[in-house]
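The values are calculated or read from the model by the stated rules, or taken from the named source; none is laboratory data. Model, not experiment: these values are computed from the prediction. Virtual Cβ from ideal backbone geometry, glycine too; neighbours counted across all protein chains shown. The protein model used for the area step is the full one, side chains on, heavy atoms only, and it has no ligands, DNA or RNA in it. Shrake-Rupley method; radii C 1.70, N 1.55, O 1.52, S 1.80 Å.
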Amino acid sequence: ISSAWLAAFVSDIFDPSFTLKRSFTNDSYWRDVLAFTPDFRTLHSVSKIQHFFSVPVALARPSQFRLLPGVRHRRISPTKTFIQGIVQFHTVIAQCSGVFTLTQTEDSSWKAWSFVTMMDRLSGVVDRFDGHTPLCRPAEWNTAMEYTAVVVGAGQCGLSVAARLENLGISTLVLERSGRIGNSWRFRYDSLETNTPKAFNHLPFVDFPEGSGTYIPCGDVADYLEDYQRTLGLHVLTSAHISATSYDASSSTWTLSVSLSGKASITVTARYMIVAIGVGTMGGALPFMPSIPGKSSFLGSVIHSSEYKSSSCVGAQKAVVVGAGCSAHDIAQDMVNCGSQTVLVQRSPTAVVSRQMINSLLTGNLRYVGQDVPPTEIADRFYVALPLSALQDSQYNAMEMHAHIDQDLRENLSRHGYLLPGPEDNFFHRLSIRRGGFYIDRGCAQLITSGKITVKSGHEISHFSPSGLVFDDGSRVVTDLVIFATGYSKTTIKQVAANLFGPQVADTVHDLGGLDSDYEFAGIWRPTGHNELWFAEGDLFAARFYSQFLSLQIMAREMGLLSPDQRTYTPC
């Protein structure tokens, strides 16, 4: 079926009329990540796809299409099955791949409901990393230094971008404001660990150590990031504070004055600036605590979750955790495990899934040519097989496909007063679109259903009393400690640009950061409005996967492959 579809698709794109009605459904999606356009674009409906892609595909002259092993059936409901697979092809400037999702139409033919194309590598560009030799020679630190790119922030995104750029031969300096790589993980609460398996979390080129468990504690992630820098030899300056910046549009050059703790300041010039300080997350925003009357009368302690390290550090006999996201549940679990009486205040419904569910969603129970775990590059592509806009489509319901896995979990929580969202507001929407309001269970649900954690749900806090909290229904909770796991204030890309580089640069940056009309994250890993300013953010997967595309965009500019308006490719 997949081979027949690929033949029909190739015939359609080379037809002079560029009609895709033989290979795409009427309500199909095509997402392109740099393969045919120098940006991330998602088009919905075959008419819009034909109108948009006819010219870029003609200019790219795709060829050498081949179907890769590992085509799979994926049942998403009792009556709905997809066929998914990966094709490779070449354009005049790059090697590319595409992930197709086929559905059976009313006439029993199989057509693409979704197609995601992406650039894998630029033609003629050879990877520098051989698996053994560091990417960079030891740095010679001087008071004036010149690099092609500067990355601000040495977390998972900043280090991944630096590694990808150096792998392409683009000299890169990373500036980290803290005194040690990994501190953004090291200073979180002690019980924090990754919610996705180890195989899903490593950064480009370097796996987690063999002895690591399935889920990685935050301290081990921090140590991995330090080892990552040492293994690849990346040039990183810690305790580095940018004291002044300027941008010369005539020469497309950034100049930075960088002050270093206990050392002489240095001046750095570069063509590209990549900001990877956690835009819109904890790294780029301030802890948020709601303003609740009577706080000064409370005789106990009040902290934000960002200040929490472990229950042994706070020593409370009775604790209230306000919030119902991952951090709130983890902290409540830690408090109970160390003997505290704990109440979890859930102000609105929370989508809860098990780790088993997450593993199924990440892999689709994928097996690849006899392997239990597919190669990372294959698993990554299947993970992004559907655009975010398609995940909202009524045809696709990943949660229904896996609903039986967590049915008992949800029913037990509901019986104990825990608020769950309706089926139209599922976990996938909250994870991918809203990026909040969910919990991946690692044991807290059992503590709730066994009565070891009390849930106070559906009521707002009215005010503090000297002994605790009073709710809008008149009920009270006596406590020694209130922990607000209420997230961080929102920060836009424009605000970050203004804080770092001043209003003149910020004026060129789109006020982005959310989803654009294509359901793409605007200005993240892709053009921002300023030709030499980029932003990177996300979890360990995003760092590994999308850093490749940011580096390819910069390399394409270095090779002169873009039109003057940078909206199309102009092959040499």
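Listing for the model above:
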read-out: Segments classed as strands (runs of 3 or more DSSP E), wholly inside the stretch 105-214, with at least 1 members that are open to solvent by 10 Å² or more (accessible area, probe 1.4 Å), of a type in the set (Asp, Glu) and more than 30 Å from Val46 (Cα to Cα); value: 144-146
read-out: Test: Ala35 is more than 32 Å from the chain's Cα centre (by Cα) and at pLDDT 95 or above; value: no
read-out: Failed item in (1) surrounded by 16 or more Cβ atoms within 10 Å (Cβ to Cβ); (2) under 30 Å from Met559 (Cβ atoms); (3) of a type in the set (D, E, K, R), with Arg74 passing the rest; value: (2)
read-out: Residues of the stretch 180-225 classified as among the small types (Gly, Ala, Ser) and closer than 14 Å to Asp330 by Cβ, total; value: 1
read-out: Qualifying residues in the stretch 520-568 (those that are part of a helix (DSSP H, G or I) and in contact with a Phe, Trp or Tyr (Cβ under 7 Å, 6 or more places away or on another chain)) - the one farthest from Val92 (Cα to Cα); value: Phe541
read-out: Test: Ser475 is open to solvent by less than 40 Å² (accessible area, probe 1.4 Å), of a type in the set (S, T, N, Q) and closer than 30 Å to Ser297 by Cβ; value: yes
read-out: Scan of the stretch 501-513 for residues that are open to solvent by 40 Å² or more (accessible area, probe 1.4 Å) and either of a type outside the set (D, E, K, R) or in contact (Cβ under 8 Å) with a residue 60 or more places away in the chain (or both), ordered by number; value: Pro503, Gln504, Thr508, His510, Leu512
read-out: Tyr272 being modelled with pLDDT of 90 or more, farther than 18 Å from Thr172 by Cα and aromatic (Phe, Trp, Tyr); value: no
read-out: Extreme residue, surrounded by the fewest Cβ atoms within 10 Å (Cβ to Cβ), among residues of the stretch 356-392 that are modelled with pLDDT under 70 and over 15 Å from Arg74 (Cβ atoms); value: Gly370
read-out: Residues within the stretch 300-323 that are open to solvent by 20 Å² or more (accessible area, probe 1.4 Å) and touching a strand residue (DSSP E or B) at 6+ places or on another chain (Cβ under 9 Å), tallied; value: 10
